[in-house]
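First the structure, in the form of structure tokens, and then the observations on it.
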Amino acid sequence: MQHPARLTSRVHQITDRHFQLVAELERLHPEAAPIIHYHEMAPGSESIETVSVQLYQRLRKTVIDPLFVAFCHLNSERLIDYLEHRLELDALPLDVDEIVAEVYFRLHRQLRHGESIDLQSPGFQWKSPKGLWTVFHMLAAAGDAVIVEQREVLRSNSLPLPGICKFKVNPSKQLTEQVQEMVAGNNARLKEEDVLHWAAHALLHLPSKLRRALLLRSREELSTADLAKRLGVQPLEAARLLTEARTEFHDRILSTLVKFHPPSESAHTKPVNRSDDFEESEDTDGDD
């Protein structure tokens, strides 16, 4: 795994609201005060990491839920920043808030029940902060493990049956609308959450380059020239990748739809009319 700190350059600093949060916790839970031993820190060394380490050590001894909530709040911004970067880097249609919630849920269980309760990713183990391995590294590694789990759950089903996946996903709005149109055009009905999972399932079966091109275009509505810059290719190659991605995505959804209809029914379904999102936009020729 690439070192988490190298995947984001954003600086997360401790602020007055974090100090106020700790002070309020000490007021509400005087038996736990002082929660943070600032005198043990060198002057000016107070940071999200140093405060988080002390909170984590307290939680390992006794899990006090308000302290756990404070720990989560303190670390959420930098964890979300890291996970958003990871999802963009790998072009994954997963939901960052869902991943963060799952990390904190698993961490709470781990603190309550001990080191034996791990995420189900191969080779993953909770590793407490020590030395160069920080609280941030612990949470980032857990987030990576949740990403691997959710990605494999989505990809492993050859037929994404409605109601199977219980976690949220985040394909683009445009692609979700395309799936809804195709489902309606084939006289089928699905709940919105199942449509989202179908779109995510189809995306995860695309090669990474095609998936990234399709997600960038549909999420950010980039011109072909801008898309080429983000992909690091020539505009003509970006247009080719986008066309191939749209075709494979469409075919994957159509293949799934056919599996839900008996041959006698699917044989008579009318062809799906692809919307403008599956056609090259007007800027392609100009940008190329």
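In segment 41-63, of all residues being at pLDDT 80 or above and assigned to a loop (DSSP other than H, G, I, E, B), the one that is farthest from I80 (Cα to Cα) corresponds to T62.
Could you go through segment 120-136 and let me know if any residue there is in a strand (DSSP E or B) and either surrounded by fewer than 16 Cβ atoms within 10 Å (Cβ to Cβ) or modelled with pLDDT of 80 or more (or both). Yes: one or more hits. Among residues of segment 182-204 that are under 17 Å from K166 (Cβ atoms), those with a beta-carbon under 7 Å from a residue that is among the hydroxyl-bearing types (S, T, Y) at least six positions away or on a different chain give the pairs V195/T176; L196/T176; W198/T256; A199/T176. Residues in segment 6-40 that are hydrophobic (A, V, I, L, M, F, W, C) and either modelled with pLDDT under 70 or loosely packed, with under 15 Cβ neighbours inside 10 Å (or both): L7, V11, F19, A23, L28, A32, A33. Just one residue in the set E192, E279, E220 is modelled with pLDDT under 85 and surrounded by fewer than 16 Cβ atoms within 10 Å (Cβ to Cβ); that residue is E279.
The values are calculated or read from the model by the stated rules, or taken from the named source; none is laboratory data. These figures come from a predicted structure and were not determined experimentally. Using ideal geometry, Cβ is built from the backbone for each residue, glycine included, and neighbour counts are taken over all protein chains shown.
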